[in-house]
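Here's the structure we're looking at; comments come further down.
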Amino acid sequence: MAVPPVSTGFPPPSGPLEPSFEPLAPPSADPADPPRVPGRGGPFAGGAGERPPGSPDVRARVTELRLSAFAGHRRAAFPLGAVTLFAGPSGSGKSTALAAYEALARLGGGAPLDEVFPEPAAWVPERARPDAQRRRGFRIGCTADGAAGPVRLDVAVQAEPELRIVGERLTADGVVLLETALRDPGRRAVQAAWHTAGASPVTRAPLPDDLLGTPLLPLRVAGKTDGQRRVLAAAEQMVVALRSVFPCDPRPERMRAPVPTGSGRLLPGCDNLADVLWRTRSECARRHAALVEALRGGCAGPVADLVPEPLAGGTVRALLDRGDGLRTELARLGDGELRYVALALVLLTGPGVLAVDTPGEVPDALRTLTVLTDGFERGLDPAQRRALLRTAARMGERGHIRCVGAVSDASWAVGAEGVTVVHLRP
């Protein structure tokens with residue numbers, strides 16, 4: 001029996017903020033796409049190893065980024081593949097797109113709005129005019145695919161005069177599963193309604209206006225009805241897809257000095273690369289061998305191994321073993337070589353090695369880590385960037401690692417297998 005869509009009855013706020021959401025068109029059905037059965041825990045109940053060829057991919061992953069009104073972007077929707085490169089000249093909005101993705105990821109992980117947007121006015125479209133209440137804001141959203149099918153999340157944020165979420169909508173198959181709206185500006189809360197499909201079609205309750213509502217649903221929804229289980233499956237899929245994000249910007253100037261031994265989890269700037277090598281070289285010989293093989297395509301001279309060396313005072317440094325008795329400190333490498341080493345390590349490891357807050361209750365086989373890299377080609381020569389892109393595409397094909405990067409010119413990547421290029425213009 002068809003489930004009727006939720007009607008919240010909330011009047012959309014008016015004005016240039018545009019927090020109201022356009023009517024949703026049901027996604028087109030693909031006859032070749034096998035039916036999916038959502039349910040609480042269903043998409044995340046386990047599973048092992050690589051998926052068989054031709055089988056549907058049930059890993060939660062973000063497949064579209066929407067910037068309805070965000071900085072210089074307006075009514076923009078960008079498809080995201082296993083490897084996606086945003087390409088364009090300076091000022092075209094490449095970094096802005098990655099910043100929006102990272103912001104959604106942090107909100108999906110439960111971060112407060114003021115931590116995610118410390119300077120919210122910077123993301124308001126330049127030509128946006130305040131309304132009678134002097135309100136201005138921005139809108140972003142994404143689609144996460146997986147076992148529950150495509151799930152859409154759209155968020156409207158008021159940046160001025162005070163920062164708050166004024167609208168949020170979670171939908172799947174054209175059915176509104178969660179909708180929030182600001183009804184009383186004097187209260188620090190939004191009115192929420194989520195799909196129930198039981199004795200009452202919806203459940204209504206206030207939610208805080210400084211947190212994304214979707215990650216809060218597993219704490220609020222009992223899962224007793226089919227409608228509630230559908231809400232939980234969609235919310236969990238979206239949260240898993242958003243939380244599995246690692247923003248990475250290797251900083252060569254910080255990678256040359258010895259570092260203290262610590263957790264062995266790589267930081268976004270890759271400052272502690274030597275400490276991470278100390279761990280990965282002993283824990284996973286297969287991945288380390290793949291890393292060494294990748295370095296042969298991006299480092300000058302012969303490469304037999306990449307080894308950590310403990311030093312006095314509890315520190316460690318990394319060296320390239322040249323195979324003839326000579327070992328080269330990473331401090332001697334150029335900036336491009338260091339960025340290549342760091343990015344290859346990120347792409348060939350997993351969430352257990354990166355400093356990222358992944359959902360521990362979800363098996364690795366059912367989630368995908370997405371690496372965000374602004375300036376993907378920065379400092380790399382043509383051979384290095386092509387080799388790194390091949391590594392990213394190979395890992396993306398396996399389904400466990402996805403990569404979203406920004407480049408100024410993607411002519412060298414156009415037509416590469418497994419790579420989506422999004423061209424932007426100022």
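The values are calculated or read from the model by the stated rules, or taken from the named source; none is laboratory data. In this text, all values refer to a predicted model and were calculated from it rather than measured experimentally. Backbone-built Cβ (ideal geometry, glycine too); neighbour counts: all protein chains shown. All accessible areas refer to the heavy atoms of the entire protein, side chains included, with ligands and DNA or RNA removed. Shrake-Rupley method; radii C 1.70, N 1.55, O 1.52, S 1.80 Å.
Any residue in segment 84-95 that is assigned to a helix (DSSP H, G or I), at pLDDT 95 or above and more than 20 Å from G174 (Cα to Cα)?
Of all residues in segment 84-95, those assigned to a helix (DSSP H, G or I) come to 94-95.
Filter again for at pLDDT 95 or above, leaving 94-95.
Now drop any that are not more than 20 Å from G174 (Cα to Cα), which leaves 94-95.
Yes - at least one qualifying residue is present in segment 84-95.
Is it true that some residue in segment 120-135 is farther than 19 Å from T63 by Cβ, out of contact with any Lys or Arg (no Cβ under 7 Å at 6 or more places or on another chain) and without any contact (Cβ under 8 Å) to a residue 12 or more places away in the chain?
Of all residues in segment 120-135, those farther than 19 Å from T63 by Cβ come to 120-135.
Now drop any that are not out of contact with any Lys or Arg (no Cβ under 7 Å at 6 or more places or on another chain), which leaves 120-123, 126-127, 129, 131-135.
Cutting the leftovers down to without any contact (Cβ under 8 Å) to a residue 12 or more places away in the chain gives us 127.
Checked segment 120-135: at least one residue is farther than 19 Å from T63 by Cβ, out of contact with any Lys or Arg (no Cβ under 7 Å at 6 or more places or on another chain) and without any contact (Cβ under 8 Å) to a residue 12 or more places away in the chain.
Could you figure out which of (1) buried (at least 20 other Cβ atoms within 10 Å of the Cβ); (2) out of contact with any strand residue (DSSP E or B) (no Cβ under 6 Å at 6 or more places or on another chain); (3) among the aliphatic types (A, V, I, L, M) isn't true of A383?
Status for A383: all satisfied but (1).
Could you please find all residues in segment 156-179 being open to solvent by less than 10 Å² (accessible area, probe 1.4 Å) and within 10 Å of A192 (Cα to Cα)?
Matches in segment 156-179: G167, E168, L178.
From the residues in segment 85-97 that are out of contact with any His (no Cβ under 8 Å at 6 or more places or on another chain) and buried (at least 23 other Cβ atoms within 10 Å of the Cβ), which one is nearest to P208 (Cα to Cα)? Spell out how you get there, then give the answer.
Just the residues of segment 85-97 that are out of contact with any His (no Cβ under 8 Å at 6 or more places or on another chain), to begin with: 85-86, 89-92, 94-95.
Filter once more, so that each one left must be buried (at least 23 other Cβ atoms within 10 Å of the Cβ): 85-86, 94.
Numbers: L85: 35, F86: 34, K94: 31 Å.
So the residue we want is K94.
Being open to solvent by less than 40 Å² (accessible area, probe 1.4 Å), under 20 Å from T391 (Cα atoms), small (G, A, S) and in contact with a helix residue (DSSP H, G or I) (Cβ under 6 Å, 6 or more places away or on another chain), is that true of even one residue in segment 306-319?
Scanning segment 306-319, I find no residue that is open to solvent by less than 40 Å² (accessible area, probe 1.4 Å), under 20 Å from T391 (Cα atoms), small (G, A, S) and in contact with a helix residue (DSSP H, G or I) (Cβ under 6 Å, 6 or more places away or on another chain), so the answer is no.
Would you confirm whether or not segment 340-349 contains a residue that is part of a loop (DSSP other than H, G, I, E, B), farther than 19 Å from C403 by Cβ and not aromatic (F, W, Y)?
No, segment 340-349 contains no residue that is part of a loop (DSSP other than H, G, I, E, B), farther than 19 Å from C403 by Cβ and not aromatic (F, W, Y).
Quick one: in segment 238-272, which of the residues that are part of a helix (DSSP H, G or I) and basic (K, R) is most open to solvent (accessible area, probe 1.4 Å)?
Kept after step one, since they are part of a helix (DSSP H, G or I), are these residues of segment 238-272: 238-243, 252-255.
Those still in the list that are basic (K, R) too: 243, 254.
Numbers: R243: 54, R254: 125 Å².
So the residue we want is R254.
Can you name the residue in segment 188-206 that is surrounded by 17 or more Cβ atoms within 10 Å (Cβ to Cβ) and in contact with a Ser or Thr (Cβ under 6 Å, 6 or more places away or on another chain) and is also modelled with the lowest pLDDT among such residues?
Filtering segment 188-206 for residues that are surrounded by 17 or more Cβ atoms within 10 Å (Cβ to Cβ) and in contact with a Ser or Thr (Cβ under 6 Å, 6 or more places away or on another chain), the one modelled with the lowest pLDDT comes out as A197.
Can you tell me which residue within segment 179-201, out of those that are in a strand (DSSP E or B), of a type outside the set (S, T, N, Q) and touching a residue at least 60 places away in the same chain (Cβ under 8 Å), is farthest from A121 (Cα to Cα)? Steps first, answer last, please.
Just the residues of segment 179-201 that are in a strand (DSSP E or B), to begin with: 179-181, 189-195.
Of the ones still in play, those that are also of a type outside the set (S, T, N, Q) are 179, 181, 189-190, 192-195.
Applying the additional criterion that residues be touching a residue at least 60 places away in the same chain (Cβ under 8 Å) yields 179, 181, 193-195.
Numbers: E179: 25, A181: 21, A193: 29, W194: 30, H195: 33 Å.
Result: H195.
So which residues in segment 385-426 are closer than 13 Å to L347 by Cβ and of a type in the set (S, T, N, Q)?
T391
For segment 273-294, give me each residue that is out of contact with any helix residue (DSSP H, G or I) (no Cβ under 8 Å at 6 or more places or on another chain) and open to solvent by 20 Å² or more (accessible area, probe 1.4 Å). Quick ask: steps written out before the conclusion?
The initial filter retains those residues of segment 273-294 that are out of contact with any helix residue (DSSP H, G or I) (no Cβ under 8 Å at 6 or more places or on another chain), namely 275, 278-279, 282-286, 289, 292-293.
Correct list: W278, R279, S282, E283, C284, A285, R286, A289, E293.
Test L17 against the criterion of being open to solvent by less than 50 Å² (accessible area, probe 1.4 Å) and modelled with pLDDT of 95 or more, and give yes or no. Talk me through it step by step, then tell me what you get.
Working: open to solvent by less than 50 Å² (accessible area, probe 1.4 Å): yes; modelled with pLDDT of 95 or more: no.
Answer is no for this residue.
For segment 140-155, enumerate the residues that are open to solvent by 10 Å² or more (accessible area, probe 1.4 Å) and either more than 19 Å from the chain's Cα centre (by Cα) or among the hydrophobic types (A, V, I, L, M, F, W, C) (or both).
A147, A148
Which one of these does P185 not meet: (1) surrounded by fewer than 24 Cβ atoms within 10 Å (Cβ to Cβ); (2) modelled with pLDDT of 95 or more?
Looking at each condition in turn, P185 falls short on (2).
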